[in-house]
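See structure below.
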């Protein structure tokens, strides 16, 4: 029995198609990211969380988005390089996507429907996070300002 999340795929920052079913059985944190945002320092905390739990079945998937005040103006290659050089990011990064509107990536359409926002379904800003359980079902949606250390207890619970 496969959850709907696993039916999607996305292009990595290098341009290779990656199926979400590659992450079946893992706890997944999907994050829309940006390299030139006030919340960009969260990359450091996200990487720390990833390193701490990746061997226990946890993965973070970063989806850069330029829909909020042009805070991701870099090319896919420059963005990946910036994340690696400035924050040591080793978790998977994808090509830039839209998270809102008619061109929103199917993964974000699905996640917004599964876990609607407080006031509206759209994503309010960069670094909105979605936690997905080992069964591929979305568990929790976190606001952009919710820092990775505040999510750790939820990750531990999902990994249990």
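Per-structure values
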read-out: Residues of the range 4-19 that turn out to be more than 18 Å from residue 96 (Cα to Cα) and in contact with a strand residue (DSSP E or B) (Cβ under 8 Å, 6 or more places away or on another chain), as a count; value: 2
read-out: Criterion (surrounded by fewer than 20 Cβ atoms within 10 Å (Cβ to Cβ) and in contact with a helix residue (DSSP H, G or I) (Cβ under 7 Å, 6 or more places away or on another chain)) met by exactly one of 35, 90; value: 90
read-out: Qualifying residue in the range 2-21 (condition: without any contact (Cβ under 8 Å) to a residue 40 or more places away in the chain, over 27 Å from residue 114 (Cα atoms) and out of contact with any helix residue (DSSP H, G or I) (no Cβ under 9 Å at 6 or more places or on another chain)); value: no
read-out: Filtered residues of the range 134-143 (kept if in contact with a strand residue (DSSP E or B) (Cβ under 9 Å, 6 or more places away or on another chain), assigned to a loop (DSSP other than H, G, I, E, B) and surrounded by fewer than 19 Cβ atoms within 10 Å (Cβ to Cβ)); value: 134, 143
read-out: Pick from the range 48-71, criterion closer than 22 Å to residue 108 by Cβ and in contact with a helix residue (DSSP H, G or I) (Cβ under 7 Å, 6 or more places away or on another chain), ranking: surrounded by the fewest Cβ atoms within 10 Å (Cβ to Cβ); value: 59
read-out: Where a residue in the range 106-127 is on the phi > 0 side of the Ramachandran plot and its partner, wherever it lies, is part of a helix (DSSP H, G or I), with Cβ under 8 Å and at least six apart; value: 127/42
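Rule-based calculations on the coordinates, nothing more; no lab input. Please read these numbers as outputs of a predicted model, since none were measured by experiment. Please note: Cβ atoms are built from the backbone with ideal geometry, for glycine as well, and neighbour counts cover all protein chains shown.
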